[in-house]
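A short worksheet on the structure shown next.
The values are calculated or read from the model by the stated rules, or taken from the named source; none is laboratory data. On a predicted model such as this, the values are computed, not experimentally measured, just so you know. Every residue, glycine among them, receives a Cβ derived from its backbone with ideal geometry; neighbour counts consider all protein chains shown. Note: accessible area is taken over every heavy atom of the protein model, side chains too, but ligands, DNA and RNA are not part of it. Shrake-Rupley method; radii C 1.70, N 1.55, O 1.52, S 1.80 Å.
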Amino acid sequence: MTKKLLVGIIMVLLCLQAVAPQTAFAAINQKDLEAYAAEFGTDVEGLNRYLVDFEWGTIEEMEASSIDELRESLGDPVTDENLQLFFDETGFTIDQLNKRLEKMGLADKGYTANDILLYSDLYWVMGEPVNAENLQFLAEEVGLSEKELADLFSENGLDLYSYETMEDIYEVIYNDINGVSLYFLLQEVDMTREELDQLLTANGVTIEDFSSYDELASFIYTESGYEFEMEWESVGSFLQAIGISKDEYRNFYDHLNKVLSNMDDAFFERLFELYERLEAFVDFETINELDDTQRGEIVSIWHEVMDLFELDARFYLVDGETKKEVSIEELSQITDISNQILFVELYDSEGNLLMNFSLTGEQVNQDIFKLPTAVEQPKPVAEKPAANHEAPIKEKVTVTPTKTATETVKEEGKRLPDTASPVGNILVTGAVLMAAGAALYAWNRRKKHSN
């Protein structure tokens with residue numbers, strides 16, 4: 001997980017999509033539902049239990065308005081004919097299917113191969129078979145020939161052709177810590193095994209200290225500098241345009257990494273309290289629409305955000321050769337900096353200068369400063385199964401850098417009008433960005449380490 005947190009007063013606003021309203025649907029007639037369940041040799045309660053166990057969700061959650069719609073969503077039932085066809089096409093056996101049910105914990109709930117009701121669930125349980133076509137697809141994906149891939153497995157004491165499903169092979173490459181997964185991970189970050197060993201030693205850890213592939217990958221991304229380089233590639237041109245060098249941004253990046261790596265429950269709770277306070281300000285376009293009390297609340301939030309991230313910002317208005325320091329309270333009242341330049345210095349809590357930059361009045365009125373149209377607190381959401389419930393080939397699972405704020409700004413964000421308070425808008429934008437970006441990172445960090 002990359003720490004995509006940029007200086008609030010200089011960066012593009014991170015806009016979060018609001019939850020789409022649920023579409024109303026008509027409930028299915030109970031008698032029709034009972035008749036449909038009877039087609040599977042069960043009742044409505046049994047069908048619902050099956051759908052939940054096989055991760056479709058309940059019938060109500062599927063939001064079908066008719067039996068025909070439900071039938072279309074669930075697909076064909078299992079019959080003697082298509083079950084045999086499944087075995088013929090995939091090469092799987094009924095014993096393998098039963099073993100898979102046991103591995104998934106479904107056998108403990110009483111399921112055997114004969115209890116699978118839906119044809120697509122056969123593929124969902126078993127995944128894709130290991131065959132020539134799928135192996136060729138995998139080899140092309142990782143940039144090797146099938147022979148080279150088989151040799152790589154063999155060199156690490158593994159047999160590419162000993163696995164029953166492609167999911168098992170993808171697990172080896174992308175989810176387990178082993179010689180094969182390390183090979184591809186080190187290729188990605190352009191690092192040798194010797195360099196990795198040196199990196200581990202310098203940090204006082206070994207491969208055995210990592211409990212998961214994601215944890216190891218995150219360590220390598222961060223400590224090797226790969227993550228920072230990817231982030232700088234995304235935002236460097238913008239930052240350089242306002243006078244922030246790569247070294248300065250590295251100072252800021254390392255500081256936030258340090259703060260967030262020590263995040264505890266109290267930090268997390270405080271962060272979301274600030275985030276909730278910001279939700280009261282999502283409907284206005286400029287700070288000129290706020291009264292003095294609301295401006296005071298914005299300034300209060302700003303101070304708390306800076307305190308939470310152990311930062312201190314100093315602001316100056318430069319007019320020719322005159323440089324005047326101004327407080328954040330004074331900035332919140334300014335409606336137009338005209339031909340002056342806003343000069344900002346950002347320090348850590350110990351007084352070390354992390355970076356400085358300057359913005360002209362023209363720059364702060366550009367489209368890069370957009371106020372949010374909605375702010376939503378990230379919450380855990382149970383994913384709804386796809387309509388066809390098919391299990392696709394497992395895609396590569398890596399801890400890649402997430403999208404930058406620049407990439408996630410809503411296209412419909414409004415341009416600040418010429419009558420806006422540019423400095424005030426930067427203040428609000430900064431506070432929202434800091435809180436929203438950190439909240440997303442913090443939530444994902446907690447979710448990841450709780451799994």
Quiz item: How about region 201-260: which of its residues are part of a loop (DSSP other than H, G, I, E, B), without any contact (Cβ under 8 Å) to a residue 12 or more places away in the chain and not small (Gly, Ala, Ser)?
Solution: Thr206
Quiz item: In region 127-144, what count of residues is obtained for those that are open to solvent by less than 50 Å² (accessible area, probe 1.4 Å), free of Cβ contacts under 8 Å to residues at least 60 places away in the same chain, more than 14 Å from Phe184 (Cα to Cα) and outside any helix (DSSP H, G or I)?
Solution: 2
Self-check item: Evaluation of Ser245 against (1) within 20 Å of the chain's Cα centre (by Cα); (2) among the polar types (S, T, N, Q); (3) surrounded by fewer than 17 Cβ atoms within 10 Å (Cβ to Cβ) (one fails), failing number
Solution: (1)
Practice problem: Being under 14 Å from Glu155 (Cβ atoms) and more than 25 Å from the chain's Cα centre (by Cα) is the filter; apply it to region 179-207 and report the residue that is least open to solvent (accessible area, probe 1.4 Å). | Solution: Val180
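Table: residues versus (1) part of a helix (DSSP H, G or I); (2) charged (D, E, K, R); (3) open to solvent by 30 Å² or more (accessible area, probe 1.4 Å); (4) within 30 Å of Thr42 (Cβ to Cβ).
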position: Phe86; (1), (2), (3), (4): yes, no, no, yes
position: Asp95; (1), (2), (3), (4): yes, yes, yes, yes
position: Glu102; (1), (2), (3), (4): yes, yes, yes, yes
position: Gly105; (1), (2), (3), (4): no, no, no, yes
position: Asp108; (1), (2), (3), (4): yes, yes, yes, yes
position: Asn114; (1), (2), (3), (4): yes, no, yes, yes
position: Asp121; (1), (2), (3), (4): yes, yes, no, yes
position: Trp124; (1), (2), (3), (4): yes, no, yes, yes
position: Lys147; (1), (2), (3), (4): yes, yes, yes, no
Practice problem: Enumerate the helices (runs of 4 or more DSSP H) found wholly within region 279-395, keeping only those where 3 or more residues are modelled with pLDDT of 60 or more, over 30 Å from Phe54 (Cα atoms) and of a type in the set (A, V, I, L, M). | Solution: 292-308
Quiz prompt | Pair list, Cβ < 6 Å and 6+ apart or interchain, from region 47-60 residues that are farther than 20 Å from Asn29 by Cα to residues that are of a type in the set (D, E, K, R) and assigned to a helix (DSSP H, G or I) | solution = Asp53/Lys109; Phe54/Asp121
